[in-house]
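**Q** I have a structure I would like to understand better, so I am pasting it below and will then ask my questions one at a time.
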Amino acid sequence: MATDSASACIRQTERFGAHNYQPLPVVIASGQGAWVLDVEGRRYLDCLAAYSALNFGHRHPALVAAAHAQLDRLTLTSRAFHNDRLGEFMERLATLAGTQMVLPMNTGAEAVESAIKVARTWGYRVKGVPTDRARIIVAANNFHGRTTTIVGFSSDPGARDGFGPFTPGFDTVLYGDAEALAAAITPETVAVLIEPIQGEAGVILPPEGYLAQVRRLTAEHGVLFIADEIQSGLGRTGATFECDNAGVRPDLYLLGKALGGGIVPVSAVVGESSVLGVLRPGEHGSTFGGNPLAAAVGIAVVDLLETGEYQSRARELGAVLGRRLEELVGAGVQSVRVRGMWAGVDIDPDLATGHRVCELLAERGVLAKETHGSTIRLAPPLVITAEEIDWAIDQLREVLAELS
């Protein structure tokens, strides 16, 4: 697949870069909307959207304009000083979430790590848990990032093995099992940290009513409900947050990826002041967290979400995506799971691996990525059209037919 020019880029990357990724041999040089071009000018429909970081597509005009305007003024101050964009960003984001306070960071993993610190200190200072005894409940098959603390409570050997020793204080229960969650809560439990939809696990949807049960149990036991909406939030599933679809509000939202509009890394912990307010000056921070460039882009992202247009598009186009994928069940696909514009597609393992299917899709001009063997994930930008979705699924159907 790779041409001479692409091969040179790949060789350079492999020669000088750590081998912690195994990307498809596609070298992207430019993009607009739902489409990208490789170094040879070949066009691809991006059906991964950088794992939902590009919810609004490549180089959305409003987001690019916001970044350009801020680049001409100010990019970084550190939090040693105030800047004139951060306050507006935090107010607008808190309002969008219907809550009170924002802790700005950069990456999704930083947001998760920040929430862990907040939950623990909240447990000591508010709930009264004895010092260094706080525990946090997590779900099996979770994915919250790649730091050593986070992989320490992963059940994925590929993420965990070889990186210990790990941070203690985490208890794992089966995802979607409210009874197991209830049994795991103790007086020392300070939080339940879960993905409303498990993305890396294969876009795993919880049983109906599960998130409401999590909210009820955490409220009854005086435990924080932390929802990792880094992939599921900001329009991806047909609502501003997946928790909105379930009719629940967590104590803390963890946001990232699309919050930076695909331009700069922006993440945040968003929640009530009674929780985030436990932090004191000097106890947590980030040199780049809340920088004016990130804040300017974040404001523009909130502008797009406030209209409801992208949430509506995800619902309407998600129905098209789900209908077309269901047509493939029994024809090389074992099962599909769809919420808004996010799908997990289980390929018949006797037919091919997910990686092989993604290679063949790329040859046909469609970019997707596998996870856990024979499952592929589809998360197109929300600016994609119904016709483009149809074309992409037609390519998948042809690939499966070739493999049969």
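The values are calculated or read from the model by the stated rules, or taken from the named source; none is laboratory data. None of the values given here were measured: they were computed from a predicted structure. Cβ placement follows ideal geometry from the backbone for every residue including glycine, while neighbour counts extend to all protein chains displayed.
**Q** For the structure I just gave you, tell me whether Ile136 is touching a helix residue (DSSP H, G or I) at 6+ places or on another chain (Cβ under 8 Å) and outside any helix (DSSP H, G or I).
**A** It is true that Ile136 is touching a helix residue (DSSP H, G or I) at 6+ places or on another chain (Cβ under 8 Å) and outside any helix (DSSP H, G or I).
**Q** Moving on to the next point. Looking at Ala219, Ala201, Ala182 in this structure, which one is over 21 Å from the mean Cα position of the chain (by Cα) and farther than 25 Å from Leu96 by Cβ?
**A** Criteria check complete, one pass: Ala182.
**Q** Is there a residue in segment 63-70 that is under 28 Å from Leu382 (Cβ atoms), assigned to a helix (DSSP H, G or I) and of a type in the set (S, T, N, Q)?
**A** yes
**Q** Only one of these is surrounded by fewer than 22 Cβ atoms within 10 Å (Cβ to Cβ), among the aliphatic types (A, V, I, L, M), part of a helix (DSSP H, G or I) and not assigned by TED's automatic domain parsing to the domain that holds Pro250: Leu360, Leu351. Name it.
**A** Leu360
**Q** For segment 24-37, indicate whether the set of residues that are in a helix (DSSP H, G or I) and touching a residue at least 60 places away in the same chain (Cβ under 8 Å) is non-empty.
**A** Within segment 24-37 (the criterion being in a helix (DSSP H, G or I) and touching a residue at least 60 places away in the same chain (Cβ under 8 Å)), the answer is no, since none of the residues qualifies.
**Q** Out of segment 364-373, which residues are touching a residue at least 40 places away in the same chain (Cβ under 8 Å) and in a loop (DSSP other than H, G, I, E, B)?
**A** Gly365, Ala368, His372, listed by residue number.
**Q** Please find, among Val126, Val203, the residue that is under 21 Å from Ala111 (Cβ atoms), in contact with a Phe, Trp or Tyr (Cβ under 9 Å, 6 or more places away or on another chain) and of a type in the set (Val, Ile, Thr).
**A** The conditions single out Val203.
**Q** If you go through segment 379-404, how many residues are outside any loop (DSSP other than H, G, I, E, B), surrounded by 17 or more Cβ atoms within 10 Å (Cβ to Cβ), of a type in the set (A, V, I, L, M, F, W, C) and touching a helix residue (DSSP H, G or I) at 6+ places or on another chain (Cβ under 7 Å)?
**A** 4
**Q** Among (1) out of contact with any helix residue (DSSP H, G or I) (no Cβ under 9 Å at 6 or more places or on another chain); (2) surrounded by 13 or more Cβ atoms within 10 Å (Cβ to Cβ), there is one condition Arg43 misses while meeting the rest; what is its number?
**A** Every listed condition holds for Arg43 apart from (2).
**Q** Additional query: Just to be sure, is Pro196 surrounded by fewer than 19 Cβ atoms within 10 Å (Cβ to Cβ) and in contact (Cβ under 8 Å) with a residue 40 or more places away in the chain?
**A** Criteria not met by Pro196.
**Q** Restrict the check to segment 300-312 and report whether at least one residue is of a type in the set (Gly, Ala, Ser) and closer than 15 Å to Leu86 by Cβ.
**A** Yes, there is a match, as at least one residue in segment 300-312 is of a type in the set (Gly, Ala, Ser) and closer than 15 Å to Leu86 by Cβ.
**Q** Here is a follow-up. From the list Ile116, Ile150, Ile137, pick out the single residue that is under 20 Å from the mean Cα position of the chain (by Cα), in contact (Cβ under 8 Å) with a residue 40 or more places away in the chain and farther than 24 Å from Ala258 by Cβ.
**A** When all the criteria are applied, what remains is Ile137.
**Q** Looking at the structure I just gave you, is Val297 more than 21 Å from the chain's Cα centre (by Cα), assigned by TED's automatic domain parsing to the domain that holds Asn83 and crowded, with 18+ Cβ neighbours inside 10 Å?
**A** No: the conditions fail for Val297.
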